[in-house]
1. Restricted to segment 183-208, and to residues that are modelled with pLDDT under 85 and surrounded by 13 or more Cβ atoms within 10 Å (Cβ to Cβ), which residue is nearest to the chain's Cα centre (by Cα)?
2. Any residue that is over 20 Å from ASN8 (Cβ atoms), of a type in the set (Ser, Thr, Tyr) and touching a helix residue (DSSP H, G or I) at 6+ places or on another chain (Cβ under 9 Å) - is there at least one of those in segment 60-76?
3. Just need a number here: residues in segment 168-207 that are touching a residue at least 24 places away in the same chain (Cβ under 8 Å) and either polar (S, T, N, Q) or not assigned by TED's automatic domain parsing to the domain that holds MET221 (or both).
4. Please tell me if MET70 is assigned to a helix (DSSP H, G or I) and surrounded by 12 or more Cβ atoms within 10 Å (Cβ to Cβ).
5. Tell me, which residue of segment 20-56 that is over 22 Å from the mean Cα position of the chain (by Cα) and either hydroxyl-bearing (Ser, Thr, Tyr) or at pLDDT 90 or above (or both) is nearest to VAL219 (Cα to Cα)?
6. Please go through segment 96-125 and give me each residue that is touching a residue at least 24 places away in the same chain (Cβ under 8 Å) and either of a type in the set (Ser, Thr, Tyr) or not assigned by TED's automatic domain parsing to the domain that holds GLY78 (or both), ordered by number.
7. Quick check on this structure: which one of THR140, THR164 is within 30 Å of LEU84 (Cα to Cα) and out of contact with any strand residue (DSSP E or B) (no Cβ under 6 Å at 6 or more places or on another chain)?
8. In the list VAL6, VAL14, which residue meets the criterion of being within 26 Å of LEU135 (Cα to Cα) and out of contact with any Cys (no Cβ under 8 Å at 6 or more places or on another chain)?
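The values are calculated or read from the model by the stated rules, or taken from the named source; none is laboratory data. All values reported here derive from a predicted model rather than from experimental measurement. Neighbour counts are summed over all protein chains in view; Cβ atoms, including those assigned to glycine, are modelled from backbone coordinates with ideal geometry.
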Amino acid sequence: MAYLSVANSAGMWVACILPVGVLMAMCVIFFRKAMTSGREMGMSRATLMVGFNSALISSIGPSLAIVIGMLALVVNMGAPFAWLRLSYIGSIMYELMMAEFGAQAVGTTLGAANYGQLAFASGVWCETVSCVGWLVVSATATPSLETLRKKLAGGNIAFLPILTSACMLGAFSYLSASKILAGHGSTVAWIVGAACMTGLLLISRKLKKTWIAECSLGVAMLIAMCVGALV
C-alpha cells in the first residue's frame, strides 16, 4: 500500500502532534481549573484527589479498549492519524465507518487493492469534517442547558440533583439496552460487569474501604471485557 508511506510520513506525524498537543494542554488547564474551583468551594485537597483518582482508575478500561481498537485504524489509516482521531473522538467504530464512507466516495472500499492516496485523503476529510456538527451544537447549546435544567425542575432547587441523576441513569440505560439485547458476548459482558460493580461496591461499604469503590468501575470493565472476549 503505497499510500501508507504518506499516512505514516514525518509530515503527518507533525500535523497530528500539534492538535494532540493542544488537547494535552487543555487537559492540564481543565485539571488546574477544577482543583482551583474545588478549593474555592471549600473542598479539601484530599477530597479533590479522591475524585481525581477515581476518574483516573475508571479511565483504564475504556483506554484499553481504544488502544486495542486503534490497531484496526492504524492498519488502514496509518499510525499518526489514528492516534489523532482516537485522542479526540475515541470511537473506533465511528472512525472506521467514516473512513469507509470516504473510500466509497472515490469508488473503492477500505482495505481494497485499489485503495490509494486519494481514498486515504477522502477518508481523512470525512473523519475530520463529520464531527464539526458536534462542536457547533455544543458551542451554541451548552450555555442554555443550565437554564433548561432549572425550567425542567420547575424552580425547585432540591429537585435538580434528582433530575440530573435521572438523566444520567436514562442515558446509561439506553446505552446498556443495545448490549443486553445483542446476545452472546455483549450480554454476558454486561451481566458480569454489573455483577462485579455491585459486588465491589458492597465489599467497599462493608469493609469501609473507599479505595475499593474508587477502583470498582475500572476493575469491573476490565473483567467484563475479558469475559466477553472469551465467550
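1. First pass over segment 183-208, keeping only residues modelled with pLDDT under 85: 183-186, 208.
From what is left, the residues that are surrounded by 13 or more Cβ atoms within 10 Å (Cβ to Cβ) are 185-186.
Details: GLY185: 21, SER186: 18 Å.
By that ranking, first place goes to SER186.
2. No, segment 60-76 contains no residue that is over 20 Å from ASN8 (Cβ atoms), of a type in the set (Ser, Thr, Tyr) and touching a helix residue (DSSP H, G or I) at 6+ places or on another chain (Cβ under 9 Å).
3. Number of matching residues: 1.
4. Details: assigned to a helix (DSSP H, G or I): yes; surrounded by 12 or more Cβ atoms within 10 Å (Cβ to Cβ): yes.
For MET70, the condition - assigned to a helix (DSSP H, G or I) and surrounded by 12 or more Cβ atoms within 10 Å (Cβ to Cβ) - is met.
5. Among those that are over 22 Å from the mean Cα position of the chain (by Cα) and either hydroxyl-bearing (Ser, Thr, Tyr) or at pLDDT 90 or above (or both), it is THR47.
6. As a first pass, look at segment 96-125 and keep what is touching a residue at least 24 places away in the same chain (Cβ under 8 Å): 96, 98-99, 101-102, 110-111, 115-117, 119-120, 123-124.
Once the filter is applied, which keeps residues that are touching a residue at least 24 places away in the same chain (Cβ under 8 Å) and either of a type in the set (Ser, Thr, Tyr) or not assigned by TED's automatic domain parsing to the domain that holds GLY78 (or both), segment 96-125 yields only TYR115.
7. On the way: THR164 fails: within 30 Å of LEU84 (Cα to Cα).
None of the others qualify; the one that does is THR140.
8. Details: VAL6 fails: within 26 Å of LEU135 (Cα to Cα).
Among VAL6, VAL14, only VAL14 is within 26 Å of LEU135 (Cα to Cα) and out of contact with any Cys (no Cβ under 8 Å at 6 or more places or on another chain).
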